[in-house]
Amino acid sequence: EALMPEEYQREIIQNVAEQSAIMSLAYRAPDMSRAQRRLPILSVLPTTYFTNPGPTNPGTDFLGWKKTTRMMWENKYLDAEELNVIVVIPESVLDDADYDIWQEVRPKLLEAYGLAFDQAVLYGVNAPAIWPTNIVAAATAAGNFVTLNSLGDIYDDIMGENGVIAKVEEDGYMVTGHIAAMSMRAKLRALRDSTGNPIFKPLYKEGVQGATRYELDGEQVLFPRNGSIVPSRSLLVSGEWNKLMYAIRKDITWKLLTESVIQDPVTGEIVYNLAQQNMVGLRSCMRIAWQVPNPINRINTDEDSRYPFAVLGNAGS
């Protein structure tokens, strides 16, 4: 337990959010007190009427009559599921180490937590069955998928009338950020205007070239380096990220295992016998949930075709 002081629990949640591209852009809802939180989402909008409209049915006078309307809500849920891992370390390594093992383990754990959450949200990789449909699949089902170079060039694919950004706007949302594969940096750097000059120009200050800030329609593009983006499945994911919410049911907890047996969940084979092999295991666990409420809006009232994200990908993605 000396390896796991209390302040690490608070610190690691903050750092996981920095490692995760999704968490860095999404809205963090208040922590959950139960395994499930109900979200009443508006599904039918009200309509108002003028009291004295022009005659629509000759011979019928409804002047002064007030009409009724309705509003409806449907339930969506935040379902907290476990995200966990066990780090196994030989006791001889702990005995002989002249540095803090925890400081070596912690950055990789942060990266692993961020990677697992990002890929579950983006692609459904190892995601719990109760979680919502992943972003890429949901955006594709809503018709918000653009194939690379299908509209002429990459500029039109992203910025054009039928491009990625336009598809989000047509659903009543505004793009607030983008998550892109690392290979998109080269594609964006290669974009030229009609005179042959690069569209993404580095800033100059007092003769020193500054770093290029990648933006699309004024919103920053993130290029995760934790391996969460799979280029064969998506090159660019754009959307109104505060419409994706996540919540934590339980902060990361830790337990030191010294006499446990760790088995392969598929074959049942014993992978580690900690007591027999003189090893210790550091088990960490957190419970987290996410959801895209996607409430009805005046621009697109059809939930089947309305979604706050759009995807640019290769043909056959």
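All of the numbers you see were taken from the coordinates with simple rules; none came from a lab. Bear in mind that the values here come from a model prediction, so they are computed numbers and not experimental data. Here the Cβ is made from the backbone with ideal geometry for all residues, glycine too, and neighbour counts use every protein chain on show.
Taking amide H atoms as placed 1.01 Å from N in the peptide plane, the amide H of residue 176 lies under 5 Å from those of 239, 240, 241, each 5 or more residues away in sequence or on another chain.
When peptides 32-44, 110-122 are sorted by average Cβ neighbour count within 10 Å, with the highest value leading, the order is 110-122, 32-44. For segment 135-194, the convex hull drawn through the C-alpha positions has a volume of 103 cubic angstrom per residue. Hey, which of these cross-link pairs are over 30 Å Cα-Cα: 187/243; 76/167; 67/243; 76/250; 167/187? Over 30 Å Cα-Cα: 67/243. For segment 184-317, with equal point scatterers placed on the C-alpha atoms only and solvent neglected, what are the log10 I(q)/I(0) values from the Debye formula at q = 0.09, 0.12, 0.17 1/Å, to two decimals? Rounded to two decimals, the profile gives -0.59, -0.86, -1.11.
Applying a 10 Å radius around every beta-carbon, put 292-303, 67-78, 244-255, 134-145 in order of their mean neighbour count, most first. Walk me through the numbers on the way to the answer.
Values: 292-303: 15.0, 67-78: 12.3, 244-255: 17.7, 134-145: 20.0.
Result, highest mean Cβ count within 10 Å first: 134-145, 244-255, 292-303, 67-78.
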